[in-house]
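Step one of this worksheet: look at the structure below.
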Amino acid sequence: MAKILAKKFFNRPVLKVAPDLLGTYLVRKHGRKTERFLITEVEAYDGGGDMACHASKGMTPRTAIMFGQPGFFYVYFIYGMYWMLNLVVDKDGHPAAVLIRGTREVSGPGRLTRQLNITGSFNKKEIHPKTGLWLEKGEKLEDYKMERTPRIGVAYAGPIWSKKPYRFILVQR
DNA sequence: ACGATGATGAAC
DNA sequence: TTCATCATCGTA
């Protein structure tokens, strides 16, 4: 029986949680079918001072979820077409999230939500099997190594924050 | 290189 | 109420 990642896992600083998510499984159940996707690409967004993080705008109707408890989904609509899947992490009151950018099976954050049929209905839902979308511990991946790069598509955040190495990826050796 | 396509937040 | 912008992707 695979281990389900619970609140304790998410209730840590985002720069710890984000790399730990690499190699874990994003699990989606719709109808009778349960599918697992190995996470290979994530980005960390860390607090109100991170100018690339939506929480840098303060608490708004959209960003309020990030200011709450860890272990919930933050899902928002972008470019008139795509849903972005984020996991709220770190302690209650500190707004932080991890963007799931890709898996071994599906590359790209917009494609991922489209293929898994994830929309705004998941926003503010708990990361738990009862939701139909959750995370499970992975296995040892000897043939992959982790790399860090700047985040994608955040030039608006300015020279400092757009260059922070907050993107974590698994690449094959 | 650029258009699709609509929510969001800030300015007015 | 308008307006610029946007944590993207497919086609060219």
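The values are calculated or read from the model by the stated rules, or taken from the named source; none is laboratory data. Remember, predicted model here, so these are calculated numbers, not experimental data. Cβ sites come from the backbone with ideal geometry, for glycine too, and all protein chains shown count toward neighbours.
Remark: pairs (first residue in the range A:84-96, within 11 Å of DNA strand C (Cβ to nearest atom) and at pLDDT 95 or above; second residue assigned to a strand (DSSP E or B) and of a type in the set (Asp, Glu); Cβ separation under 6 Å; 6+ apart in sequence or on different chains) = A:Ala96/A:Asp46.
If you check A:Ile118, A:Ile65, A:Ile100 for being near DNA strand C (Cβ under 9 Å from one of its atoms) and in contact (Cβ under 8 Å) with a residue 24 or more places away in the chain, only one passes: A:Ile100.
Can you tell me how many residues within the range A:52-68 are more than 10 Å from A:Val89 (Cα to Cα), within 12 Å of DNA strand B (Cβ to nearest atom) and among the hydrophobic types (A, V, I, L, M, F, W, C)? Before you say what the answer is, go through the steps one by one.
Here is the first cut: in the range A:52-68, the ones more than 10 Å from A:Val89 (Cα to Cα) are A:52-65.
Add one more test, that the residue is within 12 Å of DNA strand B (Cβ to nearest atom), and what stays is A:53-65.
Narrowing the set further to residues that are among the hydrophobic types (A, V, I, L, M, F, W, C) leaves A:53, A:55, A:59, A:64-65.
Counting residues in the range A:52-68 that are more than 10 Å from A:Val89 (Cα to Cα), within 12 Å of DNA strand B (Cβ to nearest atom) and among the hydrophobic types (A, V, I, L, M, F, W, C) gives 5.
Comparison of A:Lys140, A:Lys124 shows that the only residue that is part of a loop (DSSP other than H, G, I, E, B) and either over 16 Å from the mean Cα position of the chain (by Cα) or within 14 Å of DNA strand C (Cβ to nearest atom) (or both) is A:Lys140. Restricting A:Gly102, A:Gly158 to those that are over 25 Å from A:Arg12 (Cα atoms) and not in a loop (DSSP other than H, G, I, E, B) reduces the list to A:Gly158.
Which residue is surrounded by the most Cβ atoms within 10 Å (Cβ to Cβ), if the candidates are limited to the range A:88-131 and must be of a type in the set (D, E, K, R) and within 17 Å of A:His54 (Cβ to Cβ)? Steps first, answer last, please.
Keep residues of the range A:88-131 that are of a type in the set (D, E, K, R), which gives A:90-92, A:101, A:104-105, A:111, A:114, A:124-126, A:130.
From the residues that got through so far, the ones that are within 17 Å of A:His54 (Cβ to Cβ) too are A:90, A:101, A:124.
Numbers: A:Asp90: 24, A:Arg101: 22, A:Lys124: 14.
Only one residue fits best here, namely A:Asp90.
Within the range A:132-140, one or more residues are surrounded by 13 or more Cβ atoms within 10 Å (Cβ to Cβ), at pLDDT 95 or above and under 24 Å from A:Gly47 (Cα atoms).
Can you name every residue in the range A:39-59 that is within 12 Å of DNA strand C (Cβ to nearest atom) and either among the acidic types (Asp, Glu) or not in a helix (DSSP H, G or I) (or both)? Working first, answer last.
Within the range A:39-59, the first condition is being within 12 Å of DNA strand C (Cβ to nearest atom), and the residues that meet it are A:41-48, A:50-57.
Answer for the range A:39-59, where residues must be within 12 Å of DNA strand C (Cβ to nearest atom) and either among the acidic types (Asp, Glu) or not in a helix (DSSP H, G or I) (or both): A:Glu41, A:Val42, A:Glu43, A:Ala44, A:Tyr45, A:Asp46, A:Gly47, A:Gly48, A:Asp50, A:Met51, A:Ala52, A:Cys53.
Within the range A:151-161, being in contact (Cβ under 8 Å) with a residue 12 or more places away in the chain and surrounded by fewer than 16 Cβ atoms within 10 Å (Cβ to Cβ) holds for A:Ile152, A:Tyr156, A:Gly158, A:Ile160.
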